[in-house]
């Protein structure tokens, strides 16, 4: 029997210090988001910098070299991040992009792995196993990094849909490949790997969809005693999908993403609270994961692998990614401008760095060098690609600075009144500027009840002219809530004549498709 007087592994005093350090790191990381939004750089670089700063070569002097713990925590963080991403994915927007995204996630990954591995072998001199591991590791893209850069540049929905779906889908086959290349023994033949990937994806997809639909059905038909329980239940269901998929020898990552996407499109009770909760823990997962990865790296050891990382990254960026996009999207006949942007928008995030810990845990020869090359590659090419993405989008005439920005719409349920309160922010370039309230032509059951302008609020008349910078409160009944939001967005994109002169209800212009 254990002696109750035995000294605990963590004392209360140490706990207090740990809580203080963690809370300060979180506050600094939250403040860094502001810097990231102004600089155009993904926030992951700042979070990695925080981890390096408090690491053994930084001011903190914290020594951390537990790759196995980093991998476990990284996997847990990825589950949360994928769940949050799935909850925020709108099915009607992503559905047209699914075939192209699936091709990029399967065929594109295969092309990218092969070309990058060949470059790492012949140009850098890595052994084939090491080269294949690096090729697989860096083939995963990160939508959060892409959209954090492009959030101020409006893009066609098919581009954002493909990039978002690709980043959600390609993690699964990449993880399977990295594990296969990192395990002891000869690498399986290509057709064996393809079979394994297909089987694991199929199992994971089936379990994810089943858990998602069952969870959505249960939450719609079971009245929980407190609204705060719904967000917890939604995230728990998503995690169940991951665990069930992984334990069934399927892809847990595709399972959690699909389950969360089903839940996110199921119109569950207390959805705004659920979305806010998921967004918050998603940020915590990202911050904690990046800081931990920054702690794990030893900066002075990166110098020797800097130029090899630059060479591998050049092969990936200039050859592997464009070729994978061209081959994958060939059947879809997308305009060349969109293919060029998708090629340059293949930003890497935390996933490759986390996957680089797998060969370290498996004790693959040269695994430390693999980790260093991947770390440098992600940082350097994020610094290069991040700031240039908006510029490239405008040069390709895919991101027009004069295009109307989408409205910021937040929704809160009015349960007893069976309605919703929509908070609408009119951005600087919105075409809602100059439109009268009556010209919004909201559906019956929806009305603008309050306008906030220059810090002052007033009840609008039908002839009140809306201005950029205004904030509107719109009350809508349950049956017309979606139609009211769609109408507001359409006017924001097309002006008062939206729906009459070539602009649909959702704000997208109908007309000839752009061509190369």
Subject >> Qualifying residue in the stretch 197-216 (condition: at pLDDT below 85, buried (at least 17 other Cβ atoms within 10 Å of the Cβ) and either within 22 Å of residue 92 (Cα to Cα) or assigned by TED's automatic domain parsing to the domain that holds residue 119 (or both)) >> reply: yes
Original post:
Name the residues in the stretch 152-194 that are more than 14 Å from residue 132 (Cβ to Cβ), modelled with pLDDT of 80 or more and not in a helix (DSSP H, G or I), would you?
Top reply: 170
Subject >> Cross-chain or 6+ apart pairs with Cβ under 8 Å, the stretch 77-92 first and touching a residue at least 40 places away in the same chain (Cβ under 8 Å), then outside any helix (DSSP H, G or I) >> reply: 89/265; 90/265; 91/265
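Determine, yes or no, whether residue 125 is in the same structural domain as residue 322 (by TED's automatic domain parsing) and free of Cβ contacts under 8 Å to residues at least 24 places away in the same chain.
On the way: in the same structural domain as residue 322 (by TED's automatic domain parsing): yes; free of Cβ contacts under 8 Å to residues at least 24 places away in the same chain: yes.
It is true that residue 125 is in the same structural domain as residue 322 (by TED's automatic domain parsing) and free of Cβ contacts under 8 Å to residues at least 24 places away in the same chain.
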**OP:** Output yes when any residue across the stretch 359-366 is over 23 Å from the mean Cα position of the chain (by Cα), surrounded by fewer than 20 Cβ atoms within 10 Å (Cβ to Cβ), without any contact (Cβ under 8 Å) to a residue 12 or more places away in the chain and part of a helix (DSSP H, G or I), and no when none is.
**Re:** no
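Taking the conditions exactly as written (modelled with pLDDT of 85 or more and surrounded by fewer than 20 Cβ atoms within 10 Å (Cβ to Cβ)), does residue 120 satisfy them or not?
Here the answer is no, as residue 120 does not meet what is asked.
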Subject >> Residue count, the stretch 324-337 (criterion: assigned to a helix (DSSP H, G or I) and either buried (at least 23 other Cβ atoms within 10 Å of the Cβ) or free of Cβ contacts under 8 Å to residues at least 60 places away in the same chain (or both)) >> reply: 5
Original post:
For the stretch 253-272, which residues satisfy the criterion of being out of contact with any strand residue (DSSP E or B) (no Cβ under 9 Å at 6 or more places or on another chain) and either in a helix (DSSP H, G or I) or under 27 Å from residue 375 (Cβ atoms) (or both)?
Top reply: 253, 254, 255, 256, 257, 258, 259, 260, 261, 262, 263, 264
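Considering the stretch 402-430 alone, what residues qualify as being touching a strand residue (DSSP E or B) at 6+ places or on another chain (Cβ under 9 Å) and modelled with pLDDT of 80 or more? I'd like the intermediate steps shown before the answer.
If we filter the stretch 402-430 for residues that are touching a strand residue (DSSP E or B) at 6+ places or on another chain (Cβ under 9 Å), which is where we start, we get 407-414, 417-427.
Within the stretch 402-430, 421, 422, 423, 424, 425, 426, 427 meet the criteria.
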**OP:** For residues that are out of contact with any strand residue (DSSP E or B) (no Cβ under 8 Å at 6 or more places or on another chain) and either farther than 17 Å from residue 422 by Cα or in a helix (DSSP H, G or I) (or both), tally how many sit in the stretch 438-467.
**Re:** 6
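So that you can scan it fast, the table gives a plain yes or no per residue for (1) assigned to a helix (DSSP H, G or I); (2) surrounded by 15 or more Cβ atoms within 10 Å (Cβ to Cβ); (3) at pLDDT below 50:
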residue: 476; (1), (2), (3): no, yes, no
residue: 484; (1), (2), (3): yes, yes, no
residue: 492; (1), (2), (3): yes, yes, no
residue: 496; (1), (2), (3): no, yes, no
residue: 501; (1), (2), (3): no, no, yes
residue: 515; (1), (2), (3): no, no, yes
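I want to confirm something. Restricting to the stretch 77-97 and keeping residues that are over 15 Å from the mean Cα position of the chain (by Cα) and surrounded by 15 or more Cβ atoms within 10 Å (Cβ to Cβ), which single residue is modelled with the lowest pLDDT? Show your work before the answer.
First pass over the stretch 77-97, keeping only residues over 15 Å from the mean Cα position of the chain (by Cα): 91-93, 95-97.
Now narrow it down to the ones that are surrounded by 15 or more Cβ atoms within 10 Å (Cβ to Cβ): 93, 97.
On the way: 93: 74, 97: 85.
Among residues in the stretch 77-97 that are over 15 Å from the mean Cα position of the chain (by Cα) and surrounded by 15 or more Cβ atoms within 10 Å (Cβ to Cβ), the one modelled with the lowest pLDDT is 93.
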Original post:
Among the listed residues 264, 252, 288, 245, which satisfies the condition of being surrounded by fewer than 24 Cβ atoms within 10 Å (Cβ to Cβ) and closer than 21 Å to residue 87 by Cα?
Top reply: 288
Subject >> Selection count where residues are modelled with pLDDT under 80, in contact with a helix residue (DSSP H, G or I) (Cβ under 9 Å, 6 or more places away or on another chain) and either within 18 Å of residue 142 (Cβ to Cβ) or assigned to a helix (DSSP H, G or I) (or both), scope the stretch 10-58 >> reply: 12
**OP:** Determine whether residue 251 is assigned by TED's automatic domain parsing to the domain that holds residue 196 and more than 30 Å from residue 51 (Cβ to Cβ).
**Re:** no
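The values are calculated or read from the model by the stated rules, or taken from the named source; none is laboratory data. Note that the coordinates shown come from a computational prediction; the quantities given were computed from them, not determined experimentally. When we count neighbours, we look across all protein chains shown, and the Cβ atoms used for this are built from the backbone with ideal geometry, even at glycine.
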